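Data first, discussion second: the structure below is written as structure tokens.
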Amino acid sequence: MPPSANKPTAAIQFGADNGQNSIVGWVTGDAQAPIRPQNFIENRQFWPLVEEVMAQHAHVDPELQAQAAFQKTGWMNIADGRNPPPLGRTGNAEDILGCVLIEDKTIMPGSFQPNCAHRPVSADGLFQLPKFLHAKLLERLS
């Protein structure tokens, strides 16, 4: 449960109600206000599930595979869709979900590395996964 001292007014849920694991976090204060870091309490049980899904499925994500074909080799950042960087640029640290290793235009399975500087909520709002990974997370939570 969220800390009671912060007086949460609403839970932010990912997908259907599947208990504590599907709650991204809680908003404090005005529940109608935009979600920002200063009015958000993260559910520490949720983000490990996101990272688990990304580790299991990032290498087969069609959008990421297309990016890998363009990059050819090396480590590729996976950008948060809430604030994607311009083509060929590196995004803000809080907007990089993690990275994967590319060899010969292919994402190497098991290479996903989470970014500890990523924030589920930033000044640009709530995180946005690539569509394929979003669907995989919904499956995982159902």
| request: Quick one: pull the percent of accessible area on the chain belonging to carbon and sulfur, 1.4 Å probe, ligands and nucleic acids left out. | output: 52
| task | Run the numbers on the chain and let me know its relative contact order in percent, using alpha-carbon pairs under 8 Å that are six or more apart. | result | 24
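Would you mind giving the average projected area, over all directions, of the Cα convex hull of the stretch 18-74 in nm² with one decimal?
6.2
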| note | Rh_Kirkwood(the stretch 56-129) over Cα pairs, Å, one decimal, evaluates to 12.4
| request: Give me the accessible area per residue for the chain, probe 1.4 Å, as a whole number in Å². | output: 56
| Can you work out D for the chain in µm² s⁻¹ from Stokes-Einstein, where Rh is the Kirkwood radius over C-alpha pairs, the temperature is 4 °C and the viscosity is 1.567 mPa s? | 82
| task | Mind ranking 79-91, 124-136 by how tightly packed they are, going by the mean number of other C-beta atoms within 10 angstrom, highest first? | result | 124-136, 79-91
| note | CD proxy, 222 nm, the chain: helix-only mean residue ellipticity via -39,500 (n - 2.57) per DSSP H run with n ≥ 4, per residue, nearest 500, stands at -7000 deg cm²/dmol
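The values are calculated or read from the model by the stated rules, or taken from the named source; none is laboratory data. Bear in mind the structure is a predicted one, so any value in this text is a computation, not a measurement. As a convention, Cβ positions derive from the backbone with ideal geometry for all residues, glycine included, and neighbour counts pool all protein chains shown. SASA here: full protein model, heavy atoms, side chains in, ligands and nucleic acids out. Shrake-Rupley method; radii C 1.70, N 1.55, O 1.52, S 1.80 Å.
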